[in-house]
Amino acid sequence: MKRKIAVYPGSFDPITNGHLDLIQRALKIFDHIVVAVATNAFKKSLFTIEERMEMIRGSLVDHPNVSIDSFDGLLVKYAKARKARAILRGLRAVTDFEYEFQLAMMNRRLEPEIETVFLMTGLRWVFLSSSILKEAALHGGDIEGMVPEIVFQKLREKFEMLRKA
């Protein structure tokens with residue numbers, strides 16, 4: 001019997017409790033989830049790929065059926081190489097849907113055997129994005145409880161370092 005593997009791609013700059021909630025709920029559907037950190041030369045990231053992967057690993061230490069990897073290039077080719085049956089995507093609001101729908105249709109056109117599975121973000125996290133979180137943290141907002149502890153500490157360190165520079 002084939003394992004049901006899903007790839008959950010994203011920049012995860014940084015991973016939030018919303019991402020973790022989605023992963024935990026997806027584990028009820030899939031046997032294994034690959035959290036795939038995308039390298040995007042066009043997007044300026046706060047954290048390096050290595051830092052993001054370290055924070056994800058630290059956040060998912062108790063989840064042996066989740067692996068963490070990075071990829072560059074076409075997502076569906078990466079998913080196929082990982083023997084994934086699905087690409088996992090989260091939807092926060094209607095505004096996410098149009099963009100995600102376009103991506104899903106292109107991915108289906110490129111690799112018809114790989115499905116895109118959308119899960120709605122948990123209501124508790126519907127407002128949360130990495131961008132909004134970083135903005136709040138940069139200006140001294142209290143983000144505790146919105147990110148795993150390891151991320152909270154790394155954000156604090158990163159912004160203290162940037163303020164001193």
I'm trying to understand the selection: among the residues of segment 76-86, which are in contact with an Asp or Glu (Cβ under 9 Å, 6 or more places away or on another chain) and within 25 Å of GLU51 (Cα to Cα)? VAL76, LYS77, TYR78, ALA79, ARG82
From SER67, SER59, residue being out of contact with any helix residue (DSSP H, G or I) (no Cβ under 8 Å at 6 or more places or on another chain) and not acidic (Asp, Glu): SER67
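Across segment 75-109, what is the total count of residues that are among the aliphatic types (A, V, I, L, M) and more than 18 Å from the chain's Cα centre (by Cα)?
So the answer is 4.
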Is segment 38-54 home to any residue that is among the β-branched types (Val, Ile, Thr), in contact with an Asp or Glu (Cβ under 8 Å, 6 or more places away or on another chain), at negative phi and in contact (Cβ under 8 Å) with a residue 24 or more places away in the chain? yes
Looking at (1) under 21 Å from ALA36 (Cβ atoms); (2) at pLDDT below 95; (3) surrounded by 15 or more Cβ atoms within 10 Å (Cβ to Cβ), which is the one condition that is false for LYS158? (1)
ILE5 fails exactly one of the following numbered conditions: (1) at pLDDT 95 or above; (2) closer than 30 Å to LEU138 by Cα. What is the number of that condition? (2)
Which number in (1) free of Cβ contacts under 8 Å to residues at least 60 places away in the same chain; (2) under 18 Å from ASP13 (Cβ atoms); (3) touching a strand residue (DSSP E or B) at 6+ places or on another chain (Cβ under 9 Å); (4) not aromatic (Phe, Trp, Tyr) marks the one condition that GLY90 misses? (1)
Segment 118-165: number of residues that are within 23 Å of ARG57 (Cα to Cα), outside any helix (DSSP H, G or I) and among the small types (Gly, Ala, Ser): 3
Inside segment 30-83, the number of residues satisfying the requirement of being more than 21 Å from ASN107 (Cα to Cα), touching a His at 6+ places or on another chain (Cβ under 9 Å) and among the β-branched types (Val, Ile, Thr) is 2
Matching residues in segment 30-45 - criterion: being among the hydrophobic types (A, V, I, L, M, F, W, C) and either over 15 Å from the mean Cα position of the chain (by Cα) or over 16 Å from LEU74 (Cα atoms) (or both): PHE30, ILE33, ALA41, PHE42
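The values are calculated or read from the model by the stated rules, or taken from the named source; none is laboratory data. Given the structure is predicted, the values throughout are model-derived calculations rather than measurements. Here the Cβ is made from the backbone with ideal geometry for all residues, glycine too, and neighbour counts use every protein chain on show.
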